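One structure below.
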Amino acid sequence: MKQDQSGLKHSLSIDPATRKPIEPARIEELPSFTLAGISVVTTNEAEFSDKGKIGKLFEQYYLDDIGGQLAAYVKQHGQYSCYFNYEQGDAGRYELMVGGNVREELQDQYPESVSTFTVPAAKYAVFVTERGPIIEMVQRAWGDIWQWSRQSGNDRAFTGDFEYYSQHIDPNDGQAEIYIAIRQ
């Protein structure tokens, strides 16, 4: 899912006031599941500056072939980017893991280079990005989701949000789903 990131800062700066308000495509309840991958701790403030870590995390994921290392343990194909361990909602630090949905019973056998996180059972507002260059589309959707979450009645739980990318996504013309845990 590699893609040129040169347009990333531009896509983050699009004025949300000129965009149509986003609404979830659906509300879905999911049981808990386990992700394995690599992670970093960052903040939204850092990601909007030259101190961002997410781009480097994705580079490491592909350079070290983490997906390939986890292939034997995969429960559901596709790639996940999971946001968890939030401190102060979206205003503070959080951890981001890039990895895959794996079989829990094999945790003792995972490669040493990866860690795991169990995404708790939750009710999710599911957003589907526009089709296009995937990094730009996901960043644009997150900007819209931040606006959506500030509207009355849209109460994020901050227990574990994730992006799901299908196994055969085209990074230059793709779509992703973003699952936002909401309070029940």
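Laboratory data are not the source of any read-out in this text; all were calculated from the coordinates shown. What you see is a predicted model; the values in this text were computed from it and never measured. Reconstructed Cβ throughout: ideal geometry from the backbone, glycine too, with neighbour counts over all protein chains shown.
Structure data summary
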{"quantity": "Cα pair distances of segment 27-92 binned at 10 Å [whole percent]", "calculated": "16, 43, 32, 9"}
{"quantity": "Residues L106 and D170, FRET efficiency given R0 of 22 Å [Cβ-Cβ distance, rounded to 0.05]", "calculated": "0.15"}
{"quantity": "GNM flexibility winner over the chain from Y165, Y110, Y80 (Cα, springs under 10 Å)", "calculated": "Y110"}
{"quantity": "Under 5 Å, built H, 5+ apart or other chain: amide partners of F33", "calculated": "V119"}
{"quantity": "Candidates G153, G55, G100, ranked by Gaussian network fluctuation over the chain, Cα under 10 Å, top entry", "calculated": "G153"}
{"quantity": "Cα long-axis angle, helix 54-63 against the chain (0 to 90 degrees, to the nearest 10)", "calculated": "30 degrees"}
{"quantity": "Dipole in debye (nearest 20) - segment 65-137, about Cα centre, beta carbon charges: Lys, Arg +1; Asp, Glu -1", "calculated": "260 debye"}
{"quantity": "Cα centre as origin, Lys/Arg/Asp/Glu Cβ charges: segment 8-182 dipole, Debye", "calculated": "360 debye"}
{"quantity": "Dipole of segment 103-166 [Lys/Arg +1, Asp/Glu -1 at C-beta], most positive-end residue of V119, Q147, I135", "calculated": "Q147"}
{"quantity": "Most fluctuating residue given options F158, F117, F48, as computed from a GNM of the chain linking Cα atoms under 10 Å", "calculated": "F48"}
{"quantity": "Theoretical gain in end-to-end length, Q184 to Q147 [0.36 nm per residue, Cα-Cα removed]", "calculated": "11.3 nm"}
{"quantity": "With eigenvalues of the C-alpha gyration tensor scaled by 5 and rooted, the chain, Å", "calculated": "25, 20, 16"}
